[in-house]
Structures are given as C-alpha cells and as structure tokens.
Amino acid sequence: MSPMRPLRPCLHPSCTELVVSGYCDKHQPIRTYDKYRGTSTERGYDARHRAIREIVRREEPLCRECLKTGKLTPSNEMDHIDGNVRNIERINLQMLCKRHHSRKTIREQGGYNRFNIKNIKPSGIPLIMICGAPGSGKTAFVDKYKNPGDIIIDLDYIKAEISGEPLYHSSNEWILRALAQRNEILKSLYNKTEGQAWFIVSAPTRKERALWRDILQPKRVIIMQTDEYTCIRRIQEDNRRKDISNTFAEAIKKWWKLYQFDERDEIIRWMG
C-alpha cells in the first residue's frame, strides 16, 4: 500500500479546507480554465511525474547544456527532451538551467510569437480588469463580487494548476507555459456571448494597462491601491506564503515603485 499523501489547504484564497491537492469541492467552479486544457494529471503532471523529477534533480545537479560549453551552472528545471510531458522514461529527461529550458520551450511551442498578445481580440463578454500589487486584495475582491459561472483569469492559479504544486510555490520553469495558457483563455473570450470575465494582473504602469485596454476593451479597469504596509502584512499572515514572504515583499515594493496613476482607472483601497 502506498503511503498517504499529506493534505494541503485548498488553493482558494482564505479557504482552510484540507485536500490532497488543488481545490475543495466547494471551490471547484472557479477553475474555469480547466475546460480549455484539462487537469494537471490529465496533462501528465501527476505525483509520479513529480517524484521522478526529484530523482533527476539529484542525479543531474548541473545544467546539461551548460556542461557542453564547460560551464558549471546549477540545474533547476527538468526538461522532456522530446517535448512530450507524458514520456517520463529516464532517457528522455534532462536537467537544465532556467535560461536553457526557457529557450527550448519557446522553440518547441512556436517561437516568441506563441507568447505574445497580438492575436488576442476584444472580449465578447463584459470584462473587468483588476490590477494591483501582491497582497492588495485582487483575488479577494473578485471572489466577493463575481457571479456564478464567471470566468476568472489569474496567472498564479494557472501556474499552480500546470505545475501541480501549491499555489505561489511553483518554480519559474512553468511561467512560459502559464503565460501561453493564459493568453489562450483571453483569446477564447472573443467568441463568448454569455457571462462575465475577470482578468487579474499586476499592471503597475499606464503603458501596460493601456495595452490591455486597447486589446481587450474591458468594461472597467480597477486598481487595488492598497498601501505597501498592508500588502506586506497580509502576505506575512497568509499561511500559504509565509515561508516566501520576503520574495513577495520585494515584489510589492517594486509594484509601488513602478505604479503610475491614470485618471481612467477606478481606485479602490481594499480593506476587506
């Protein structure tokens, strides 16, 4: 009999229900992007895959591509040589540094055009764009005001689902795939005729928000202008992020350093 997997908190913000992985039954409906790409297990990222990745990491502590040029670079991302994530035969697995793995992923998925946003069209349904620093209350705000069946597009959740790892803890090896998946969901909004969508994104600068305005034509753009101190305090009190709170604190400071006011935005100081 295999050992029982440890239980983890539901990925939904503020939920304390313990589950083996992912979401509890109550919060399954918010995973609206599952219908576009299937579950992480269906895509090959199951417990066996994660266990093998740990073995390969121990066996190959240095990037295989860097070694070819005599460089000793620590490896931190497992790569499927043939590009098939379901092929986890040891001969098909190698460890790479982030730079080499990102380059290979981009080549396999059609080059940089795969990850740009030029092919995204205006949303066919009302879209609300929520911007702000980590800990500003973006997800909590959406959770309070969303309607049943709303589409919620949040890169953190997509990244967690793709990696099969806890929310906020997946490594950067998943970011390119998560961005590509997010953009596919944004593209799908063009053909929607019913419901409403929420797009959660940091977007501190006027330029970035203007770009999304031109492309998606959102009904509203809301800035969660929660002060830096409150954002950091919330992160430190969040059990899911306590052990990586310093990383988020730096991201919060960076957001406020980059933030630019735009009179077209709706400003909310979320204390909920």
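Rule-based calculations on the coordinates, nothing more; no lab input. The model shown is predicted, which means the values in this text are computed figures rather than measured ones. For neighbour counting, all protein chains shown are included, and Cβ atoms are generated from backbone atoms with ideal geometry for every residue, glycine included.
Ordering of 191-201, 82-92 by packing is 191-201, 82-92, highest average first (other Cβ atoms within 10 Å, averaged per residue).
Here the simple spin-label model places points 7 Å from the Cα toward Cβ, and for A210 and R103 these points are separated by 3.5 nm. Computed from label points 7 Å out along Cα-Cβ, the spacing between V56 and N76 is 1.8 nm. If you plug the beta carbon distance of T247 and T193 into 1/(1 + (r/R0)^6) with R0 = 41 Å, you get a FRET efficiency near 0.50. Annotation: extensible slack from R48 through S171 equals 42.5 nm (criterion: 0.36 nm per residue apart, minus Cα-Cα distance). Please work out the Kirkwood hydrodynamic radius for region 125-192, using every pair of different C-alpha atoms, and report it in angstroms with one decimal place. Radius from the Kirkwood sum: 13.2 Å.
Residues whose amide H lies under 5 Å from that of Q94, counting only those 5 or more places away or on a different chain, are D79, I81; hydrogens are built 1.01 Å from N in the peptide plane. Less than 5 angstrom separates the built amide H of V19 from those of R8, C10, all sequence-distant by 5 or more or on a different chain.
Charge tally for W174 (other residues, Cβ to Cβ under 10 Å; Lys, Arg +1; Asp, Glu -1): -2.
Between amide H atoms placed 1.01 Å from N, distances below 5 Å from L62 occur with S75, all of them 5 or more places distant or on a separate chain. Model label points for L155 and Y229, set 7 angstrom from Cα along the Cα-to-Cβ axis, are 2.9 nm apart.
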